[in-house]
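The values are calculated or read from the model by the stated rules, or taken from the named source; none is laboratory data. These numbers come from a predicted model, not from an experiment. Glycine gets a Cβ as well: all are built from the backbone with ideal geometry, and neighbour counts include every protein chain shown. These accessible areas exclude ligands, DNA and RNA; they are computed on the full protein's heavy atoms, side chains included. Shrake-Rupley method; radii C 1.70, N 1.55, O 1.52, S 1.80 Å.
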Amino acid sequence: MGEFKVHRVRFFEYLPSAIRALAFNKDSERMAVARTDGAVEIFNFSDNYFQEKVIPGKDSRAAETLCWLHHRLFAAGLNGEITEYDLENLKPRSSVETFGGPVWTIGCNRQGTMLAAGCENGTVKIFEVQEEKIQLQRSLERQKGRILSLSWHPSGAQLAAGTMDMIRIFDVQTGCATHRLLVDRGVGTCRNREVVVWSVLFLSDRTVISGDSAGKVQIWDGATGTLIRTHLVTKWDVLALAVSQDESSVIAGTSEGTVVQFQFLPSTMGQQEKEWVRTRTFKNHSHDVRALIHTDTAVVSGGMDTQLVVRPLLDKVEKNTQESSMRKILFPHKPLVDCAHRAGLLLFQFTDHLELWRLGESEGQGKPGESLPVKKKPEKLIHLKKKGDDHICSSALSSCGGWLVFSTICSVRLYRVQLSNNTVSLTKVSKLPRILCWAHQLCFSADSSRLFAAGARSSVHVFSLSQSECKHIHTLRPKSGSRQPLHLLCVSQDGHWLAAANTDCEVTVYDLKTMKLHCTVPVYSSCPTAMAFHPVYNNLLMTHADQQLSEFSVQQRSYTEWSRALHRRGLHPLWLKRDTPVTHITFNPTNPAHILLHDTYMFCIIDQTLPLPDEKSVLFNQMMLRSLPESERMRHSHAFKICKNFQNILCFDLLEDQSLVVVERPLLDIMSQLPAPVRQKKFAT
Amino acid sequence: MAALYEGYTLFGLVQSQISSHLGIRGIEQERDDDHVVVTDSTRSVTLYKVSDQKPLGSWTVKQGQTLTCPAVYNFQSKEYVAISDKRVIRIWKEGDVLLDKTFKATVSSDIWRVQSAPEQEPVVLFERGAVRMLDLLLSDPQQSIEEVLDQDELIRWNTVILAESRQFVIFTTEQKGKHFLYLQRLNPNTLQRYQLEREESGLAPLSCCASYREQNICLLYLYPNGHLYQSVVSTRGWGTEDGRQVLPLPRRLLLSLSVGEGPLEAASALELDEAHVAVVGVPHPSAGTGKDFLCIWNTNFQTLQAAKEMGGKIYGQLWCFFNKLFIPHGKTLSVIPFVCPKSSLASALGKLKQAKSEESKSPASVPSWNSILHGEKVQPSRPQETKKTLGYFSVTPFPSLQTASAEDVQREVEGVLTRSDAQNLQQSVSLFVSALVSRSLEESSFYTPSTLARLVHTQCMSHSVCPELLLLALERKDYFLCQLCLQFFPDIPEAVTCACLKAFVSMPDTDAEKVSLEPDSVSFMETLISGKHVGNYVQNGFSPSPLDVEHTDALSGDGVAIQTKTKEEETAPSEPTCPVGLHKAVLLNEVLQTAYSDTFLLPHLKDLSSEQVILFLQYLQFLYLKFSQDAPTQMHGLRSPSLAQIVDWVCLLLDAHFTVLVMTQEAKGLMLNPLAFVRLVSELGKIEGSLQEINKMKVKKEIGQYSIEVIELF
């Protein structure tokens, strides 16, 4: 295949935010993840943990707690409001003021009729859930300290709330506290500090389980209000608790980054009487575990170290399957970097600003494996801050580098970028069509004459760009009338076709010449994660969350021969075992048979002319090929050229001069930016 | 975790009982788990329903008569049986009101006790040791009763155990400060007598209890010094002869309870299950010296599982029926329910014995530590006793080991070895060896090398069983036996190992060659010396070439190395020669393979003279060279020292004799030319190279914020 010059970029200082809360919807298997910057992400656990949706955050609003109510998602935070999210338009739908100060916790009863919120002023507010909104029904008896945690009894008649130094059990009907469970403070110097009940669980047998800042997990009899058992789990805080569906297992997350499992087991063989026994300890985090979910088969945890960890319980899953492997979700599943191929520019999207960089230049030639001397260093051209509180949700850079656009949930800004020698000028296009008020996907045509923006109900707005003007030409709408947002947009090189994919797994191809819907790709069960048009044949290449690849011929409205061959043969098991989705696809214009794609841990160039690997062949064969003599190589090579030299890849693209760009974000760099973890005594230090 | 529940009072003790030392005479099980028959210390028998805490009936003998043993319930005839004034058997039913009007029978000898087990005829034990079934006795009450015990032998305790639907009467006796255990099997009647091991200062057991499990009777006895012992007696496999032969009863210290101030006076231990023991009258380990505690101990983990303070005087009495403990204390008799669940931890740690058939054997074959440690006192100095015990193992009593000729001994040993089962083999072998060794020590002309070798070959022996054996073999220059001992004994002290080493090193080669040794080890050494087997084995892709002298120089690089260069060349021929003879080498190999700990070995190694050390070092060096040149030597499957063992010995020797070796002229070559170490160092040098490579690779990994690299895809 040959030599490539690679721009290895590590100056994208992307820092994911810490995970603050998790909520799991068992019916749809969607995990909602709230981060400290206010963003809420929705992962589809039934579709390979794919991150389907991201609701951008806002400076003043950070969700402290999340709660699913059927298919509605509620969040509340320290701004004192309970917010319901619009999962179709990826923005808040409505907010209700609690009038109780910051809200620390919310929870709905199992019946889905009531939502309780624990407030700073010591009240638990009960909201009635209505069709379109929630309405304050009553406040329960006010307590002295803030309510930091609450849990409904499955019957819905009682509610346990953790406050400072105690747990109260309320009768929801009367609003009175029926029990007061005093929680011991820590020993030693911590004795003077009040203990915070960070998390509480109320099980159906009226057992109350609490986790507190003194490092204890305590098991109480909620009927009598007596303490049954204390497990000292850590020297620091127990921040989160979660219980399995069948209430036989409870997990506790601590400040040390450990997750401790307790199981309801008979203490002696063959006895009926069960007690809560500490069983396993998982250590998958370096920092606080702030949020936990116990699914039927796995422990899902997240915290200060920004990683979402899915740790399967090996007694619940089949061993040595893909299901039994641990997953760490580090990076968003949508690209944050856009590359202008022709201009050699990179656009980095942060939550509150954009950065435009020009890549450096090298001189001379080098042998494979060597670094070339850098003649010209990369240069940061523009640092563009957002206006207002809302975070940036999407951005795009035209391939010529002349246009730059970004969107928050309430405004879109389009800029003309002019680069001449050493001067950079950025001109805002002042009058945008009114319809372009927000977009969760943006994309330019290859010749930079058009801008496409994904709007509500899977619609695509098409705008034409001239020197300083942006005009709305048309709005393309899918036939299906899906309400789901589009998460992928791509346009063919010749500007003839536009493909749009939404989270219902629908991919629609529009003819831009006639501005009509051309066809829809047969719906595949797994969500597309990236797509691109072939530069010559205009075949649409798609990757899916389950790691499948398919190529769809737009002209023939059917899968191509290559795609069929690939499906007949099946992808290599190792390819299917990868646990991060392909997030970007591009083609090599000079050799259109080469497909370039990447996930977090590798990039791959697929040569469509070469034979496909079968199950027995070595998938990662680059090392082997290197050791073979030239003549032998052809015989052993297959279509998938996988390179693992680069890790934690956020972007992989090909510039016009045939050099590659790889943007890496090493985990160590992220770790060094995180606050220090709790101090743990190790050895004799 | 065992637990004691809240107890309740069954009844109050009357004043006379409180003042008496005895408490109550006994509690016996009645028809089911909720009824007990209580006999007080004087005249009355009361039937209680335990859960209701109320008496259902009470019977009293006339004023002037006393009940001399606890009344029992005959499960078969649903009658009560009691003994008054030692000779009168009284039998009545629950409906009878007055005891005087019921059945009475007078027997001709004093009765110690009558005992009853469910579904079995009650058994009467006479004070002189005779045992009768009650129905047989009543058929002729005046029948003559034989005397089993000696005149001055008194029964102290007894019980009846039901094992495989067979009754065993167990009783302990005391005679002149010695304690015996009798095991009487009924139908057919056999009696076996055991002697309990002496506890310090002639203490008598305070309490005993017996239980049956896995074909063994398990005895538990508590001494006033707080020691709780367990002895296991097999209910099977004893000979038909019921002589007066006394077998020693091996014991195992289960618990050593702290007794506080002074010995225990009234205390009792009761086995609850195989892991739990209830103890009363012993101080709580963390509650001062008060002895009024009821404790449950786990004997597997030596942990106190539950404890309860019992108010008032403790009588040292304790009964247990159906998970309820009955304990008289102060003025009441309390019933305390308890549980002893099998802990998961115990099963997890493998402490919980599974009911395997092999398991039941093991207790019997474990030699008692007491007999091992004080063995020399017991066995050689008291030949009669040895003889007596020996008779137990041999079916035809052997006249005496002290006088028989070597051939007779040989025959006898062969006989025993073929006859005795594995269970007794260990004991009989050790007894034989002890007897033979003590005789050989006494009679200088007597020595039976083949017999001893045969016995050692059984692999049932260890050094501690007969410490004199190896030294005797050395003294008699029986090197074959030495070799066997070194091979089979796991516990040879370092001093003895060193003595062997000394003897082997200093023995003349001509002597050594006469000895016949184990053929395997000899053939191994033969191949090693001749070097015939050398195959072109390549280790780690590297075939060791003869020493690279230049490399050595480069490494040492100081004057010494240059001086010795010529010497190295002289003493480093391509094929090293063995400095000792073949058989000597074989014996030395055995020493190399024994287990040792270097702290204990070092002081003894210093006893070697410098010539011995040098010779031994030379031999070790030879071995090392052979081993490192012909790596796969150990693939023979023969017993041979490992390279690590050789190097360890070299280091030990150098440690022990460094100063002497530095001063010795002959040693200089050896010291300065440690080919072994040269090779080691050169191997280390190679590793160093790869380590440096790894370092370099790491450095290369440093990547800045931006770089332009060239990669090649194939």
Test: A:Leu571 is more than 25 Å from the chain's Cα centre (by Cα), within 14 Å of chain B (Cβ to nearest Cβ) and without any contact (Cβ under 8 Å) to a residue 60 or more places away in the chain: no
Test set (1) at pLDDT 75 or above; (2) surrounded by fewer than 16 Cβ atoms within 10 Å (Cβ to Cβ); (3) under 36 Å from the mean Cα position of the chain (by Cα) - B:Ser690 fails condition number: (3)
Qualifying residue in the range B:282-293 (condition: part of a loop (DSSP other than H, G, I, E, B) and among the basic types (Lys, Arg)): yes
Count of residues meeting criterion [within 10 Å of chain B (Cβ to nearest Cβ), of a type in the set (Gly, Ala, Ser) and within 34 Å of the chain's Cα centre (by Cα)] in the range A:324-368: 1
Leading residue by the ranking (nearest to the other protein chains (Cβ to nearest Cβ)) among those in the range A:622-639 that are surrounded by fewer than 14 Cβ atoms within 10 Å (Cβ to Cβ) and either within 20 Å of A:Phe533 (Cβ to Cβ) or of a type in the set (Lys, Arg) (or both): A:Arg626
From A:Leu619, A:Leu610, residue being in contact with a Pro (Cβ under 7 Å, 6 or more places away or on another chain), farther than 18 Å from A:Phe4 by Cα and surrounded by 13 or more Cβ atoms within 10 Å (Cβ to Cβ): A:Leu619
Failed item, numbered, when B:Trp59 is tested on (1) surrounded by 21 or more Cβ atoms within 10 Å (Cβ to Cβ); (2) out of contact with any helix residue (DSSP H, G or I) (no Cβ under 8 Å at 6 or more places or on another chain); (3) at pLDDT 85 or above: (2)
Residue in the range A:462-484 that is in contact (Cβ under 8 Å) with a residue 24 or more places away in the chain, more than 22 Å from A:Pro528 (Cβ to Cβ) and of a type in the set (Lys, Arg) present: yes
Looking only at the range A:38-60, and only at residues there that are over 20 Å from A:Glu323 (Cα atoms) and surrounded by fewer than 19 Cβ atoms within 10 Å (Cβ to Cβ), the one that is modelled with the lowest pLDDT: A:Ser60
B:Pro205 being modelled with pLDDT under 85 and out of contact with any helix residue (DSSP H, G or I) (no Cβ under 6 Å at 6 or more places or on another chain): no
Positions within the range A:482-536 being open to solvent by 40 Å² or more (accessible area, probe 1.4 Å) and assigned to a strand (DSSP E or B), in sequence order: A:Lys516, A:Leu517, A:Thr520
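When you go through B:Val522, B:Val515, B:Val538 one by one, which is the residue that is of a type in the set (Val, Ile, Thr), modelled with pLDDT under 85 and assigned by TED's automatic domain parsing to the domain that holds B:Ala585?
That would be B:Val538, the only listed residue that is of a type in the set (Val, Ile, Thr), modelled with pLDDT under 85 and assigned by TED's automatic domain parsing to the domain that holds B:Ala585.
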Answer residue from the range A:241-276, given it is β-branched (Val, Ile, Thr) and modelled with pLDDT of 90 or more and is farthest from A:Val208 (Cα to Cα) among those: A:Thr258
Flag if A:Leu227 is within 29 Å of B:Ala2 (Cα to Cα), within 14 Å of chain B (Cβ to nearest Cβ) and assigned to a strand (DSSP E or B): no
Number of the exception - B:Pro467 against (1) under 30 Å from B:Val416 (Cα atoms); (2) surrounded by fewer than 16 Cβ atoms within 10 Å (Cβ to Cβ): (2)
Checklist (1) without any contact (Cβ under 8 Å) to a residue 24 or more places away in the chain; (2) in a loop (DSSP other than H, G, I, E, B) applied to A:Arg93, failing item: (2)
Subset of the range A:1-37 that is in a strand (DSSP E or B) and within 14 Å of chain B (Cβ to nearest Cβ) - its residue that is modelled with the lowest pLDDT: A:Gly2
Residues that are assigned to a loop (DSSP other than H, G, I, E, B), farther than 25 Å from A:Ala242 by Cβ and touching a residue at least 40 places away in the same chain (Cβ under 8 Å), drawn from the range A:123-161: A:Lys133
Count of residues meeting criterion [among the β-branched types (Val, Ile, Thr), in a strand (DSSP E or B) and open to solvent by 40 Å² or more (accessible area, probe 1.4 Å)] in the range A:162-182: 1
Test: B:Leu257 is at pLDDT 85 or above and buried (at least 21 other Cβ atoms within 10 Å of the Cβ): no
For B:Ser211: the one exception among (1) open to solvent by 20 Å² or more (accessible area, probe 1.4 Å); (2) under 22 Å from the mean Cα position of the chain (by Cα); (3) more than 23 Å from B:Val114 (Cα to Cα): (3)
Number of the exception - A:Ala298 against (1) away from every other protein chain (no Cβ under 14 Å); (2) open to solvent by less than 20 Å² (accessible area, probe 1.4 Å); (3) closer than 30 Å to A:Lys58 by Cα: (3)
Strands (runs of 3 or more DSSP E) enclosed by the range A:363-403 - at least 3 residues per element that are loosely packed, with under 15 Cβ neighbours inside 10 Å: A:379-385
